[in-house]
Amino acid sequence: MNSIVESRLLSSLEKVFPDEELSAFRWEKGSALADEVYSFQIALRIRPDAAQEHLSAALFVQTQPDLAPFVLLRQVVPVPSDFPIREDHDENVLRTGPGLYPDLLLPLSGPLTLSRQWQSVWVTVNPQRQAVQPGQYAIQLKLAAEGSGETLASETFDLLIMGEKLPEQSLIHTMWFHTDCIATWYGIEVFSEAYWKRVEQYLRNAVKHGINMILTPVFTPPLDTEVGGERPTVQLVDVQKSGNDYRFGFDRLERWVNLCLDCGVKYFEFSHLFTQWGAEHAPKIMATENGREKRIFGWETDAAGPEYEHFLDAFLPALVSFLRSHGLEKRSWFHVSDEPHAEHLAAYENASRILKKHLSGFPIVDALSDYSFYENGLVERPIPASNWLEPFLEHQVPDLWTYYCCSQYKKVSNRFFCFPSARNRILGTQLYKYHIAGFLQWGYNFWYSQYSIRPIDPFRVTDAGGAFPSGDAFIVYPGEDGPLESIRSEVFHEALQDMRALTLLEEKIGRDAVIRLLDDGLEHPITFQEYPQDDRWLLEKREQVNQLIRKNE
């Protein structure tokens, strides 16, 4: 075809920058399990030697009728990053300077405007657990000029949809879900009907992407909050205070639980009952006393004092009674304080003591990387950062979790804008290999500046006001009609699908054989800090996994 438009099919692991030449290899065929979400891209531009500099064209999909309803086109939109990465980063990055990075996925509802710069369209095939017949599907993408209808480009992706389905996800996965950010961005009152509708939209999006545990704000979470400051109140439990006595109402918590269960949530992660970075204070807790609502605990509260312990001695038995009456004992997890360090050992020990009085039988987890907290019995289920896992793995800590945030930018996997997508997706393979039971990340939708001092516009400010490398604080954008996804959210979901596919293959050929397959041909076995860094290895290894699943059907 002699056309002024140049096109190329790419994998989902490429990031197409408008200001650089496209060197990515063509990716024109692949395979997926029956209910798997599969993504690829088509990159487009006007040829540099063409006389025309701009044109408007529509992109169409043609495929077999039973697959067509499940193919979605979205435009990859570059968004600004003022702070891509810290200066002492490693070499496994795409670029390091401020600028525009491809990330936002916008539904393609009209024609594309093409220029001499490369851009890409994200193609998602999502059967959504519906009955698509196994077989080979040709997905043809045609670019037609506006007005004349002339075909300017045509590419065909061959997708094999297999007969078997992914096994259920066993990994417990949470990204902290910030309902105050939702209320702030959309300008709606917390607990209004508009609030509940928006929360439902984001819950369904989170679950669709493999998040099966939801941070549940029994009290306003004391997370990333300026000392002495406070976040908007999203407290789900009503508190009535009369002298030294307390009564609790759980109507809003019950509505929250029912909504989450309806959206497919499996686990409830109750918000931290002590402040971040030390467990020295109480979270913000609102109560009605003498007919007036006021804050009764907060930064002014000594967490080790008798008043707050007395409150928890009343609250926790009431909460446990609610959970048991709703059959939630095996779905409920608790936190003491986020990211304590060695100097906080005494405060954390006291806080842990208070909770253990009432939460026997409930798992208590916290993000911490100091092995001594576990060694001293202060937390039964630690969540060390991915770059601090070694002592926990060496001691074979059972049911081990891990997490990453802004500090994990050397060697290990993460989801920053400037990282290759393969560095995002490799985590699924690592989680599988090391029997990791849970994964936590703090920012599903944190749309505030650091310490929650002010709201930010996530379409313009992607680094929490210069605090964290772009990509750390959120993985979805607030669209007018609900959540807008990102390259990073889709690729991370692919990582979770990889983990489930490996689990399926293990059922067929055994775990030892799967591990040998993963490490085959590598100079060093896969760890959290050593792993293949190129796109092609991940893509081809997943194809090998699929071939073996088919062979052993």
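The numbers here are math on the coordinates, done by the rules we state, and not lab data. Values in this document were obtained by computation on a predicted structure and should not be read as measured data. We place every Cβ from the backbone using ideal geometry, glycine too, and count neighbours over all the protein chains shown.
For this structure, a couple of remarks:
- The H on the amide N of Tyr434, modeled in the peptide plane, is under 5 Å from the matching H of no residue at least 5 residues off or on a different chain.
- Length-normalised contact order of the range 244-383 in % [C-alpha pairs under 8 Å, at least 6 apart]: 25
- Taking Cα atoms only, the orientation of helix 193-208 departs from the longest principal axis of the chain by about 60 degrees.
- Relative packing of 278-286, 330-338, 241-249, which averages over residues the other C-beta atoms within 10 Å, highest first: 278-286, 330-338, 241-249
- Sites Arg47 and Ala467 - FRET efficiency at Förster radius 41 Å, r taken between beta-carbons, to 0.05: 0.45
- Unit charges at the beta carbon, dipole of the chain: most positive-side option, Gly147, Gln396, Ala385: Gly147
- Proximal lysines relative to Lys294, as straight alpha-carbon distance under 24 Å, when same-chain residues fewer than 8 apart are discounted: Lys241, Lys284
- Förster radius 25 Å - calculated FRET efficiency between Arg550 and Gln130 (Cβ-Cβ, nearest 0.05): 0.75
- Amide N of the range 118-162 lying under 16 Å from the label point, which is placed 7 angstrom from the Cα of Arg95 along Cα→Cβ: 118-120
- Structure-derived percent of Cα pairs over 48 Å apart: which label, when the choices are [x] 13; [y] 19; [z] 22: [x]
- Annotation: extensible slack from Gln396 through Val227 equals 57.2 nm (criterion: 0.36 nm per residue apart, minus Cα-Cα distance).
- Highest mean packing comes first when the peptides 58-70, 167-179 are listed by Cβ atoms within 10 Å, giving 167-179, 58-70.
- Förster-model FRET efficiency, 41 Å R0, Ser109 and Lys410, C-beta, rounded to 0.05: 0.50
- Summed over qualifying helices (DSSP H, 4 residues or more, each -39500 (n - 2.57)) and divided by its residue number, the chain shows a 222 nm mean residue ellipticity of -8000 deg cm²/dmol.
- The Cα center of the range 56-115 and the Cα center of the range 478-518 differ in position by 20 Å.
- Alpha-carbon centroids, the range 397-472 and the range 200-238: separation in whole Å: 17
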